[in-house]
Amino acid sequence: MEALEEVDERGHEEEEEVLGDDEMRHIQEQLAVIEVMDPSRDIINGAAEERRLPSSYSQNSPKEQLLLSLAKNFCRQYAHLYQDREPLLTAPLNECGVEKFVCSTLCPTLLPYPDVYHWEGAAQFVSSCLTMQPLKPEFKLPRRLFSSFSVLRNQKGNCFDFSVLLCSLLLGAGYDAYCVSGYATQEMCLMDETREPCPLLTTTQESLGASAEKPRRKYSVRPPRQLVSKFELQQKAKKEAKVPPSHLKQHEEDERRLAETADTLYGRRVHCWVLVLAGKREVPDHFFIDALTGKAYETKDQHFLGIESLWNHENYWANMQDCRKGCKDLTFDLGDPFCWEFMLLSMVKPALLIPDMNEEEDDDEEQNGDQDRAMQMPVSWVLPIVMTPKEFETRYPQGKKLLKYKKAELEKWAPYLRGDGQVSRLTQYQDTECSKELEVQVSGKRCKQDQSGPPQSPAAGDKEKTPHTEDWFQNREDKLDRRQKSQFGVITEYFSPGRADALKVHTFCSRAPETERTMLFYSEARLDGLQRLEEQPKEMLEIFQGRQDLLHYRHTLYGQRPKKVSIAGGPIEANPRPILKITERFHRNTDKPANEDVAERIFLITEDRIHVRCHRLDDHITTSTWEFLKPPNLGKKGTNVLLSPETCISYQVEPLGKFNTQLYVYETLIQLQQGEQSAQEAVRRSEAEVLAILSRRAQEEGDPQLTISIYDTERNERSKEQRALQVRERARQEERQRRAALELDYLAPYLTLLGDPEKVTRLQAQQVKEDCLRDLKNRLIQQANLIQARFEKETQELQKKQQWYQENQPSMDKKDEEAYLEFCSEAMFRIQILETRLNRHKELAPQKYLTLEDRLSKDPRLCEPLLSL
C-alpha cells in the first residue's frame, strides 16, 4: 500500500509538472464560466414584491412568446453558421426571472426636463444617477437585464442597464439610437478614468493660459531674442520628414500591442454602449456614447474593440463584418445585408443612403408583398420611466458621487444637500493613487494646504497659478458661484450678478484687510463705474469704465502708518494710512483742445506738488506738461496768496497768452486743489468699501444662506405657512357659513304673524307647520310650472320654425338654410336643458318637502307642542 501511495504521489507530481501556463489559463476560464448570482441583482424577493409589478413582468403575451421563438431560431442559425463566435444577447431574464426580448426592454421616454432633451444632458444624467456594477465574469454576457424602471429605483446597474436607460431617453428625444453589445478596453469596461485628466481641470488651465496672454502695445519693449539655431531646427524637421508614415504606424502598433499584453483579457471584455446614427436631430456624423461616463467618441476610437450585435425598440441586427481591427473599418448602413443581418422584417428602412427613384418603385412593390409577412415589435413590457422633480434634482445615489481622474478627484453633491450650497469639488493630488495632496508653495517654501493661519502671497518669480482645489456652489444668497485655491495659496472667488456691491471676482491670499487682493466688479451696475481694484499694503489701484468725467485709472501710494497715541477720555478715531501720492488718468475729451485736455495728474500730497500732463495730438510727438507748487495759504478765505515763478513750471506745445497769466495759474491751482480733495475722499470711500465687503464676506462665510424659489413648494417654508394660513382661513369661512345657515330663523315670518310669542300652543305649532309646508309646496309647484311653461314655449317656437321651413324650403337659399339649422340646434339644446331641469325638479321636490317636515318636527320651539299632539 505504501508503494502504491508513493506511485500515486509521483504521478500527481508528474501531472503538476506537465501542466503549463496555457492549460492553467484554460482551467481558470472554465472555472470562471460557473456563474455565481450576485444577491444584490435579485431585487425581487418574495411574492409580495413581485405582486407590486404588473403582469407584463411575470408573464409573456402570445406575441412575445412568438418573438422569443423567432429569437431562439435566429440564435441557432447564427451559432451554426458562426461556430467560432460568442452567442448573442437576445432573451435575458428580467426581475421576475422571465425571458424577455432585448428590443422590448427599451421604452422610449421623453422626460419633462429640458436638461435631457439633448444627448449630452441625457448622457450626463444617466452617468450621474447610477452606480456602476462590473460584469461577473467580465468576458460573458449578463444573464439578467432589468427594466429601466427598476434600475432607476435602485440607482445601480451594469453597462447594459446604463445603455438601455440612455437609449430609451435618446429614442424618446428623437435620436436614432441603438444599444451596442461588443468588446472594449479594460479602462472603459471598468469605468477607470484614472489615466485621463479631469475635463474641468483642462478647461480651467486653458482659460488661465488664455487670460495670461496680454496684447502687445505698439511702443512696448520688445522681448529678448531667442538664441535658437534655425539651421538645427530645419535639419531636425528634415529628419522627421524622412521617416515614412509606415514606420510611424508600426510604432503605434507596437505601443498598442504592449498595451494589449498588459491585459490578459484584452479584446474579450464584454461591454455595452450606445450608437447614435446621423440624420435625425441634425446629427452630422455617427458617434458612440459610453453610458458609464457620458462621454462621446468617434466610431473609429481605439477604446472599442468589436461589435457583436446592436438593437433598438424596433429590430435586432447581428454584425457580419470583420472586427480584428476594432471598429475602424465598420460601416453602419443597417440596410446592407452583407454587413448586418436583421432578425425581423421591419417596414422601416434603416438604410442611411438615399435610394434612387427606381429603387423606391421596387421597394414599394416588395413592401406590398412583404407586408403580411412582417412582424411588428410588441409593446414594451417595461413600466414608464417616471421621475419626480425632487428625484431628478437629487440625481446622484444618496445625493453624492465621487469620480476619480488622473491625479484628481471630482466630488458632486445634489443641490441643497450641503448647508453651504456646494455642489461639486475638484481636488488635485501629487500621485496617481490620489493619496498625497498638492503642497502649497508660499514665498519659496512649502506648507500643507490645511496649515493654520492665512497663506502669504506667492513669490515674484512664481507666475503659474494652477488650481489646487476648485469648488462650485449653487443657490447662494451671496451669489457665490465658484471658488479656486491654487497651490500657492491664492484663493479666487467668482460671483454671479445681483450683489449689492456688484462684486464679480475676488482674488486674495488672506481675508485680513490691507493685504494683497484683487477685486473685479460689474461696472455697469455701479454708479462710479469701478471695474477693477487691486490692493496691496502700500498701494491701491482702481480701474474705471464708462464714467462721465472720463476717469479710467487711479493709483494711490501709501506711507508708513504712524503710531497712534490715545488720549484718556478722548474720542476713539480711526488711524488711516497716510496717502503720499495719487495718480489719475483720463480718456481723451474731443470737446476740448488737446493742449487743455488733462490726460494725467499726479498729486504729491506730502510735497505739496501737482504734476499735470495733457493729451497729445495725432500730429505731435510731445505733450504739454505742468508742474505746480501749492502756496501755503491756498484756498483759505481772507488770506493773500503769493504766486512766485516756482509756483508753475510748464512746457507748452502750443503756447497761448492766457497760460502765462497769474489769474489762469490761480484758477487752475484752485481746481487742482479741489480735485485733490475729491480724489482723497474717493480713496477713503474705496478703503471703507473694501472693509465693508470683507466684513460682509466674513458674515456670509460664517453663516451661508441659500435662496429658495417660490415655486419650490417642498423647501419654501414661507409658502408652506402661507398655504396653511389660506387653508385655515377657508375652513373658518366655511364654518361661519355653516353656522349662519343653521342660525337662520326660517320660522320668523310665521311667528311674526302670531305676535312673536315666547311659547306656542299645540294649535299654533300645528298651524305654523302647515303654513311652512304649504308655502314650500306652492313654491315648488310654481317652479315646476315656470319650467314647464318655458319648455312648452321653446317647443312651440321650434315647431313654428319647422313649419316655416317646410313651407319656404323650395325658395330658400343656402344662407337661410344655415341660419335655420343653427336656430334648430340652439333650440334643441335649450329644450334638452329645460327637460333635464324639469325631471330633476320632480325628483328633488319630495325630498325637499320631507326634509323641511323633518326639520319642523325637530325644531325646539315646535317640538314639545307637536309631540303633545
Sort the following peptides by mean Cβ neighbour count (other Cβ atoms within 10 Å, averaged over residues), highest first: 468-474, 53-59. 468-474, 53-59
On full extension of the chain, what length is gained from LEU66 through PHE823, given 0.36 nm per residue of separation minus the C-alpha to C-alpha distance? 266.7 nm
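In what sequence, highest mean first, do 143-151, 794-802, 323-331, 299-307 appear when ranked by Cβ atoms within 10 angstrom? Walk me through the intermediate numbers first.
Numbers: 143-151: 21.2, 794-802: 13.7, 323-331: 15.7, 299-307: 19.4.
Output ranking for 143-151, 794-802, 323-331, 299-307: 143-151, 299-307, 323-331, 794-802.
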Simple SL model, points at 7 angstrom along Cα→Cβ for LYS280 and SER435; separation in nm is 4.9 nm
What percentage of the solvent-accessible surface of the stretch 571-713, computed with a 1.4 Å probe over protein heavy atoms, is contributed by carbon and sulfur atoms? 52 percent
Separation of the LYS406 and GLN733 label points, Cα + 7 Å toward Cβ, nm: 6.7 nm
Full-extension gain in nm, ASN839 to LEU754, via 0.36 nm per residue minus C-alpha separation: 26.8 nm
Counting Lys and Arg as +1 and Asp and Glu as -1 over every other residue whose Cβ sits under 9 Å from the Cβ of GLN186, the net charge comes to -3
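Using a 1.4 angstrom probe on heavy atoms only, work out the carbon and sulfur share of the accessible area of the stretch 54-207 in %. If you can, show how the numbers build up before the last one.
On the way: 3370 of 6340 Å².
Of the solvent-accessible surface of the stretch 54-207, carbon and sulfur hold 53 percent.
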Filtered trypsin sites (Lys or Arg not before Pro), the stretch 829-869: DSSP coil and at most 15 other beta carbons within 10 Å: none
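From Cα pairs below 8 angstrom and at least 6 apart in sequence, can you work out the relative contact order of the stretch 619-758, rounded to a whole percent?
Details: 53 pairs, mean separation 18.7, N = 140.
Once normalised by length, the contact order is 13 percent.
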Quick check: residue separation of GLU138 and GLU86 times 0.36 nm, minus the Cα distance between them. What number comes out in nm? 17.4 nm
To the nearest 0.05, the calculated FRET efficiency linking ARG195 and VAL386 through their beta-carbon distance, R0 being 35 Å, is 0.40
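Dipole magnitude of the stretch 152-198 about its Cα centre, charges +1 at Lys/Arg Cβ and -1 at Asp/Glu Cβ only, in debye to the nearest 20?
Numbers: 3 positive and 6 negative charges, 47 e Å.
Magnitude of the dipole: close to 220 debye.
The values are calculated or read from the model by the stated rules, or taken from the named source; none is laboratory data. In this text the structure is predicted, and so the values were computed from the model without any measurement. Don't worry about glycine lacking a Cβ; one is built from the backbone with ideal geometry, like all the others, and counts go over all protein chains shown. Side chains included, ligands, DNA and RNA excluded: accessible areas come from the protein's heavy atoms. Shrake-Rupley method; radii C 1.70, N 1.55, O 1.52, S 1.80 Å.
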